[in-house]
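A short reminder: the numbers here are calculations on the coordinates, not readings from a lab. The structure displayed is predicted, hence computed values, not measured ones. A quick note on method: Cβ atoms are made from the backbone with ideal geometry, for glycine too, and the neighbour counts reach across all protein chains shown.
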Amino acid sequence: MSIPTLNQKVLDFCNTNRGSCVGTGECWDLAEQALADAGARTSTQIMGTTAVSRANADYIWGTLTTLRDLKPGDIIQYKNFIVDTDVTAADGSGYDTQISLPHHTAIVAEIYPRGKVKVWEQNNLRNNRPPVLRIVIQNTIHLKSVNYTDPAGNRIRVQKRGRIKIYRPSAPAPARSSRRNKRRRSRRP
């Protein structure tokens, strides 16, 4: 899988900052700083400061893309996203987990089969267990509902609710040349 240059730079930033607190430790800070460091458009540049500062804003991180076209370095914006996972072993024992992300941002690190991804994030739980960590960590999560049996014979049922939007980092718009603007002003009708 070919990883776009900006995406790779976002991943490099995350890897460099693993275990550190980026900005104030909010999930937004990690994506915003990773994009800025990569030379990509940030949510503040795309949406404006006022829109970004609203509580629970639906951040825009670049060019909207799909789960089918997902690549490492893409940014996921979660909204009221819940993943319920039930695991049943061959002997009938089992367990269930729930991950709840009412409003969260993460960066795709790796892509696995069946809609499962490893993400870079901060201001979240590690392995869905307290405490909330305001440092850059990796977690795994399913992004779609799926039923399957793993190689050990465990039956796994994943149910997803809520929504995600996936964004590909985008380059800033080229600056307009002041020379070109001067020529336009000198034209007469």
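The trypsin sites (Lys or Arg not before Pro) of the range 1-57 that meet both conditions, a loop assignment by DSSP and at most 12 other Cβ atoms within 10 Å of the site Cβ, are Arg54.
At q = 0.10, 0.19 Å⁻¹ the log10 of I(q)/I(0) for the range 53-167 amounts to -0.31, -1.06, computed by Debye summation with a single uniform scatterer per C-alpha, solvent ignored. Note on Ile3 and His103: with the Förster distance fixed at 30 Å, the Cβ-Cβ geometry gives a FRET efficiency of about 0.65.
Taken along the Cα-to-beta-carbon direction at a fixed 7 Å, the label points for Asp86 and Arg68 span 3.0 nm. Computed on the range 1-84, with alpha-carbon pairs under 8 angstrom and 6+ residues apart, the relative contact order is 33 percent. Estimated at 0.36 nm per residue, the fully extended path between Arg126 and Asn15 surpasses their Cα-Cα distance by 38.3 nm. Cα centroids of the range 109-171 and the range 36-61: 23 Å apart.
Computed from label points 7 Å out along Cα-Cβ, the spacing between Arg163 and Ala55 is 2.1 nm. Here, the range 33-109 is characterised by an Rg to Rh ratio of 1.13, where Rg is the alpha-carbon radius of gyration and Rh the Kirkwood radius. The sum of -39500 (n - 2.57) across all DSSP H runs of n ≥ 4, divided by the residue count of the chain, sets its helix-only mean residue ellipticity at 222 nm to -6500 deg cm²/dmol. When the trypsin sites (Lys or Arg not before Pro) in the range 127-165 are filtered for DSSP coil states and for at most 15 other beta-carbon atoms within 10 Å of their beta-carbon, the remaining sites are Lys144. In summary, the lysines within cross-link reach of Lys71, defined as a Cα separation below 17 angstrom excluding same-chain residues under 8 places away, comprise Lys9, Lys116, Lys118, Lys144, Lys165.
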